[in-house]
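Step one of this worksheet: look at the structure below.
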């Protein structure tokens, strides 16, 4: 992973989220996210920082093996847009580190909303000028919680931490992914959210 921000990464310069910090606190409570989880995520960030490309290889391999998923990185006629995949990959890698390191403040909340928008008709394809399908269906956003969680554990195990710390990092990651996807779904439902 490079030290330059990935193409299209606009953390810190996105409009405010319609989700309030009070609503965020309630969501955190709903997934049992605590200060201990934030500490465990920081530890996970240290473990994952030099494995980001390997994690992305696993995730991209999974997406590439599923024709119905890779279609969201393709033109409407099915031609895979390799440059689009590459640009998204850079931001996905940054998201791994942001998940581990960023505080859950208003900037973080605003960027979570931006990520959600980029999966819907409101903003999909705009960041990269891609000629792809107009949205990723909500059902796949929810379904992706599992592979993004289950596949991280082997990477958390690779640095010699004891089982208790590995489990703490893993559970914190699971909560953080669930929390963020809940936030990413707000643009799909707007006021019904």
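Side notes on the structure shown:
- As for the range 15-33, it holds no residue that is more than 28 Å from residue 171 (Cβ to Cβ), assigned to a loop (DSSP other than H, G, I, E, B), touching a strand residue (DSSP E or B) at 6+ places or on another chain (Cβ under 9 Å) and at pLDDT 95 or above.
- Filter pass, residue 21 being surrounded by fewer than 17 Cβ atoms within 10 Å (Cβ to Cβ) and touching a residue at least 24 places away in the same chain (Cβ under 8 Å): yes
- Meets criteria (surrounded by fewer than 17 Cβ atoms within 10 Å (Cβ to Cβ), free of Cβ contacts under 8 Å to residues at least 12 places away in the same chain and touching a helix residue (DSSP H, G or I) at 6+ places or on another chain (Cβ under 6 Å)) for residue 167: no
- For the range 136-150, a tally of residues being touching a residue at least 40 places away in the same chain (Cβ under 8 Å) and either surrounded by fewer than 20 Cβ atoms within 10 Å (Cβ to Cβ) or in contact with a strand residue (DSSP E or B) (Cβ under 9 Å, 6 or more places away or on another chain) (or both) returns 5.
- Test: residue in the range 93-103 that is over 20 Å from residue 156 (Cα atoms) and touching a helix residue (DSSP H, G or I) at 6+ places or on another chain (Cβ under 8 Å): yes
- Total residues in the range 151-164, condition within 13 Å of residue 47 (Cα to Cα) and either part of a helix (DSSP H, G or I) or touching a helix residue (DSSP H, G or I) at 6+ places or on another chain (Cβ under 9 Å) (or both): 9
The values are calculated or read from the model by the stated rules, or taken from the named source; none is laboratory data. No experiment lies behind these values; they were computed from the predicted model shown. Neighbour counts are summed over all protein chains in view; Cβ atoms, including those assigned to glycine, are modelled from backbone coordinates with ideal geometry.
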